[in-house]
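*Asks:* I have a structure here, written as structure tokens, and I will follow up with some questions on it.
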Amino acid sequence: MTNTLPVRAPKRLAFLVLAASALICPGGAAAQDKAADKLIPVTVELGDVSLTKLPFIMAADNGIYERNGLKVSQFITPAAAAAVRGSGVIVPPENIKGNLVAEINIGGGSPTMVRMTSVATAPHRVILATTDDVSRFHVISRADIAKPEDLKGKRIGYGNPGALDHLSMILFLRKMGWNPDRDVSMLSNGNGPQSIVKGLVDAFAGTDIALTESRKLGLRDLVDLHQYHFVMPGSGVNALSELLPKNRDTAARFIRATVEAIALMKTDKTAAFASMTRWYGIAEPEKLAAVYAEASKLPSKPYPSIEGLKAMQSVYTWREMAIRQPEDFTDPSFVAALDQSGYIDGLYKKSPR
């Protein structure tokens, strides 16, 4: 089909599983040790400052990337750092870099695929892993809004179309039986507690980082969206599609580092707190605990979320999105290789929870 986007995942799963499994078998481990002096460079962009990025900053801080033969240059964009400033988080300047198009983006599958199917110049990426597959947002409102029904007719803030806060809010409004285009006013660039304080919006969907700051400002935690288990293609590993075919070994190494980092996060709270302080500048025990409580629930086996992509396609329905199958956006073979080999389960046998 000439009109489809050039991001279809390779179909030869058996071959890809064998290729990724080379990192797991003893011979592969020995070869990796010999190559320790020649690390593979990889650029990694952390799409935003949130709990879902915790495994990746821990991978950088605890030598996990290097153990997997990678020399990772990992950074937070100026826009992401600015966005979280309104929630009381000041990212140290040494962790911020310009808007480089990194080889791997750690960000939401929804905003990535929305841009890819609606912006001609957007990078084309393939989802290799979904590290957060359900909405963990909270609907945060003015203090005088007492119940969810009171949101009807109000101004709802969000980041950008396709962003996970936007997708989560649309799914919630549908759950309420409302038309997001008619029953509320949806305003972009209106997320974060300061948008309410400044009178720009009446409510927004925020993460636990935003929730902690919002409570200090006297705002209301109106709805915990986690209770609805809204599936979504949340944060994950998104690789540039044009680079993936010739760099499958690198991708396999990165996904192995990802599952190792998730296991470390789930089993070492002290290390998790240290990384949040170093990368995000978060030192308050309350904020650290709030972020970790949710981060520890992330899936141990981060397969790309097909059900989440279906939910996304039910909301964003333009032609370039609709002509794709959910599987066309993903390549699950790297996670599958680690899962089928028993490697992921073995991470949790080594260290008690």
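*Asks:* Residue under question is Lys246, and the condition is that it be more than 23 Å from Ala163 (Cα to Cα), modelled with pLDDT under 95 and out of contact with any Cys (no Cβ under 8 Å at 6 or more places or on another chain); does it hold?
*Replies:* On the way: more than 23 Å from Ala163 (Cα to Cα): yes; modelled with pLDDT under 95: no; out of contact with any Cys (no Cβ under 8 Å at 6 or more places or on another chain): yes.
The answer is no for Lys246.
*Asks:* Find the residue count for the range 312-338, including only residues that are under 23 Å from Lys175 (Cβ atoms), in contact with a helix residue (DSSP H, G or I) (Cβ under 8 Å, 6 or more places away or on another chain) and outside any helix (DSSP H, G or I).
*Replies:* Qualifying residue count for the region: 1.
*Asks:* Separate question: Inside the range 229-262, can you point out the residues that are open to solvent by less than 40 Å² (accessible area, probe 1.4 Å) and in a loop (DSSP other than H, G, I, E, B)?
*Replies:* Passing the criteria: Phe230, Met232, Pro233, Gly234, Ser241.
*Asks:* I'd like the full set of residues that are hydroxyl-bearing (Ser, Thr, Tyr) and within 18 Å of Ala274 (Cα to Cα), limited to the range 40-65.
*Replies:* Those that are hydroxyl-bearing (Ser, Thr, Tyr) and within 18 Å of Ala274 (Cα to Cα): Ser50, Thr52, Tyr65.
*Asks:* For Ala129, state whether it is open to solvent by less than 30 Å² (accessible area, probe 1.4 Å) and closer than 30 Å to Glu45 by Cα. Steps first, please.
*Replies:* Working: open to solvent by less than 30 Å² (accessible area, probe 1.4 Å): yes; closer than 30 Å to Glu45 by Cα: yes.
Taking the combined requirement at face value, the residue satisfies it.
*Asks:* Can you say whether Val139 is among the β-branched types (Val, Ile, Thr) and under 18 Å from Gly47 (Cβ atoms), as far as the supplied structure shows?
*Replies:* On the way: among the β-branched types (Val, Ile, Thr): yes; under 18 Å from Gly47 (Cβ atoms): no.
Here the answer is no, as Val139 does not meet what is asked.
*Asks:* For residues that are open to solvent by less than 30 Å² (accessible area, probe 1.4 Å) and of a type in the set (S, T, N, Q), scanning just the range 179-212, find the one that is nearest to the chain's Cα centre (by Cα).
*Replies:* Thr212
*Asks:* Further question on the same structure: Is it the case that some residue within the range 205-215 is charged (D, E, K, R) and modelled with pLDDT of 95 or more?
*Replies:* Initially, the range 205-215 is screened for residues charged (D, E, K, R), giving 208, 213, 215.
Now narrow it down to the ones that are modelled with pLDDT of 95 or more: none.
No, because not a single residue in the range 205-215 is charged (D, E, K, R) and modelled with pLDDT of 95 or more.
*Asks:* If you don't mind, another one. If you scan the range 319-350, which residues turn out to be open to solvent by 40 Å² or more (accessible area, probe 1.4 Å) and among the hydrophobic types (A, V, I, L, M, F, W, C)?
*Replies:* Passing the criteria: Ala322, Ile323.
*Asks:* Let me ask something else about it. For the range 213-228, state whether one or more residues are assigned to a helix (DSSP H, G or I), in contact with a His (Cβ under 6 Å, 6 or more places away or on another chain) and open to solvent by less than 50 Å² (accessible area, probe 1.4 Å). Walk me through how you get there before you give the answer.
*Replies:* First, the residues of the range 213-228 that are assigned to a helix (DSSP H, G or I): 213-216, 225-228.
Still in the running and in contact with a His (Cβ under 6 Å, 6 or more places away or on another chain): none.
No, that holds for no residue.
*Asks:* Next question. For the range 294-318, which residues satisfy the criterion of being of a type in the set (Gly, Ala, Ser) and surrounded by fewer than 18 Cβ atoms within 10 Å (Cβ to Cβ)?
*Replies:* Pass one, the range 294-318, residues of a type in the set (Gly, Ala, Ser): 295-296, 300, 305, 308, 311, 314.
Selection gives Ser296, Ser300, Ser314.
*Asks:* Restrict the check to the range 108-118 and report whether at least one residue is assigned to a strand (DSSP E or B), touching a Ser or Thr at 6+ places or on another chain (Cβ under 7 Å) and at pLDDT below 95. Even if it seems obvious, please write down each step before you answer.
*Replies:* Taking the range 108-118 and keeping what is assigned to a strand (DSSP E or B), we get 108.
Now drop any that are not touching a Ser or Thr at 6+ places or on another chain (Cβ under 7 Å), which leaves 108.
Now drop any that are not at pLDDT below 95, which leaves 108.
Within the range 108-118 (the criterion being assigned to a strand (DSSP E or B), touching a Ser or Thr at 6+ places or on another chain (Cβ under 7 Å) and at pLDDT below 95), the answer is yes, since at least one residue qualifies.
*Asks:* Need pairs with beta-carbon distance below 8 Å; first residue closer than 24 Å to Glu242 by Cβ and within the range 322-349, second part of a helix (DSSP H, G or I) and among the hydroxyl-bearing types (Ser, Thr, Tyr); sequence gap 6+ or separate chains.
*Replies:* Ala337/Ser21
The values are calculated or read from the model by the stated rules, or taken from the named source; none is laboratory data. Because the structure is predicted, anything quoted here is derived from the model rather than measured. Using ideal geometry, Cβ is built from the backbone for each residue, glycine included, and neighbour counts are taken over all protein chains shown. Surface areas here come from the heavy atoms of the whole protein model, side chains and all, with no ligands, DNA or RNA. Shrake-Rupley method; radii C 1.70, N 1.55, O 1.52, S 1.80 Å.
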